[in-house]
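The values are calculated or read from the model by the stated rules, or taken from the named source; none is laboratory data. Please read these numbers as outputs of a predicted model, since none were measured by experiment. Every residue, glycine as well, gets a Cβ built from its backbone with ideal geometry; the counts of neighbours run over all protein chains shown.
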Amino acid sequence: MITLAVDRNFGHEYSKQELTHLMTSIKAVIYARVSTQDQAKHGYSLESQIARSLELLETKYEIADEDVLAVVEQGEMGDDPNRPALNQALWLVEQGVGNKFVVLHPDRLARDLKLQLFITERIWNAGCEIVFVEMDVDPNNPESLLLYNIQGAIAQYNKAKILANSKRGRRAKVMNGKIPGVRRIYGYCFDKANDTLVVNEVERDVYLMMVDWILRGKDGRQMTLTSVARELSLLGIPAPSGDKWYQATVSRIVKNPVYTGTFYYGKTECRQRAGRKEIVRRPAHEWQSVPVPAYIDEKTFHQLQERISLLGRRNRGAKPKAPYLLKGLVRCGRCGAAVVAGAPSRDKQTGEPIYRYYACSGKGRKIFEVGTGRQVHACAGRNWRQDVVDDYVWRFVCSCLAEARSALEQIWGSGRKRFV
């Protein structure tokens, strides 16, 4: 048996010889999927799905293991239409690889009725038979198709019901003064027995020291968020993440209103659409509050925010005057950070810009090593000339527009190999 573990980094391009070999040697394609939730709640595993599928193929269709290709997918949601392993399996079937598409259960194929019908239609149109281990589907039997569609609707309903019940349970817990789990909040420890935040005395003192530094300075020096991060590193104070203090971490801590004695639940909401999670900010009047130990009062918190805002206005650089075609659209190929407008090179006599550059935002992040205070650069790569890059991109776009049809066909063909 051939097993393909396909994820979103899978980019194998099949040669004509490889594809021909698969078409002549493979009689069945197994698709196995598991998400973290499924494995925890239902005991599904990729190994058991493949084993049961192989057993069915051997006993019912007399297809041996060596004539089977298994495509496995882990950690993808059942309502996502763009799952990499599913798209790979469908593409192979449409190329003529195998005449049977084997899945343990319809909810492994999809947890959305519309998506289930779309995938099913593609498989049948490819001249391939869908075989489910735990139920039979006959495309020529109206009653069988009805039960199949009902199964898809039930799977979609169950997914929505589980999400709704989880949200309702968490809201009820908050109404009783409890916190239904929370990410790490510096200065507190989460008490799992009572579902609440309790004081971490060491981190509380560090937080109060940060507040004092920003409001009053340290040793006669004005302290910015960057200098606070550097000073904490020099003092060898452990950071929330361990060995590095980020300026962004200090900013997130001192801007958090939880230290005034109120934890707000429901500030954001996670919504799922087509297998993708979207974080949506909810209006303030919908937030639920839970009392927690207070470290500062409201007045001090407002003074702190005003001070931070003033420091931000003073240290904010000038906006770039020249247009940057790709600003905010691309990421660094070395570290994955966003690409921004970098500092230009200037004439030594006049100070006028000579060349402008794209720069990786990872190069400018304020990160300091705990114990030494040494600044750590997340990305050490060089910058890119803005005029050279923009000119290349414009030329490429114009060439595509001049031959729009062939360009679209090329993009579509490439997409089918990887994503469809």
Determine if the range 230-242 includes at least one residue that is at pLDDT below 90, not in a loop (DSSP other than H, G, I, E, B) and not charged (D, E, K, R). yes
I'd like the full set of residues that are among the basic types (K, R) and part of a loop (DSSP other than H, G, I, E, B), limited to the range 282-309. R282
Y357: at pLDDT 75 or above, out of contact with any helix residue (DSSP H, G or I) (no Cβ under 8 Å at 6 or more places or on another chain) and outside the structural domain of V93 (by TED's automatic domain parsing), yes or no? no
Restricting the range 177-209 to residues that are under 31 Å from the mean Cα position of the chain (by Cα) and of a type in the set (V, I, T), the residue that is surrounded by the fewest Cβ atoms within 10 Å (Cβ to Cβ): V198
Anything in the range 370-387 that is surrounded by 17 or more Cβ atoms within 10 Å (Cβ to Cβ), touching a residue at least 60 places away in the same chain (Cβ under 8 Å) and under 22 Å from T226 (Cβ atoms)? List them, or say none. V370
Criterion first (without any contact (Cβ under 8 Å) to a residue 40 or more places away in the chain, surrounded by 15 or more Cβ atoms within 10 Å (Cβ to Cβ), more than 30 Å from Q222 (Cβ to Cβ) and not basic (K, R)) does Y357 satisfy it? yes
Tally time: how many residues in the range 216-231 are surrounded by fewer than 14 Cβ atoms within 10 Å (Cβ to Cβ) and either within 24 Å of A294 (Cβ to Cβ) or not charged (D, E, K, R) (or both)? 4
Checking A343 against (1) assigned to a loop (DSSP other than H, G, I, E, B); (2) surrounded by fewer than 16 Cβ atoms within 10 Å (Cβ to Cβ); (3) in contact with a helix residue (DSSP H, G or I) (Cβ under 8 Å, 6 or more places away or on another chain): exactly one of these is not met. Which one? (3)
Out of V72, V93, I need the residue that is hydrophobic (A, V, I, L, M, F, W, C), part of a strand (DSSP E or B) and either more than 21 Å from Q151 (Cα to Cα) or touching an Asp or Glu at 6+ places or on another chain (Cβ under 6 Å) (or both). Which one? V72
Please state which of the following conditions Y31 fails to meet, knowing it meets all the rest: (1) modelled with pLDDT of 95 or more; (2) among the hydroxyl-bearing types (S, T, Y); (3) surrounded by fewer than 19 Cβ atoms within 10 Å (Cβ to Cβ). (3)
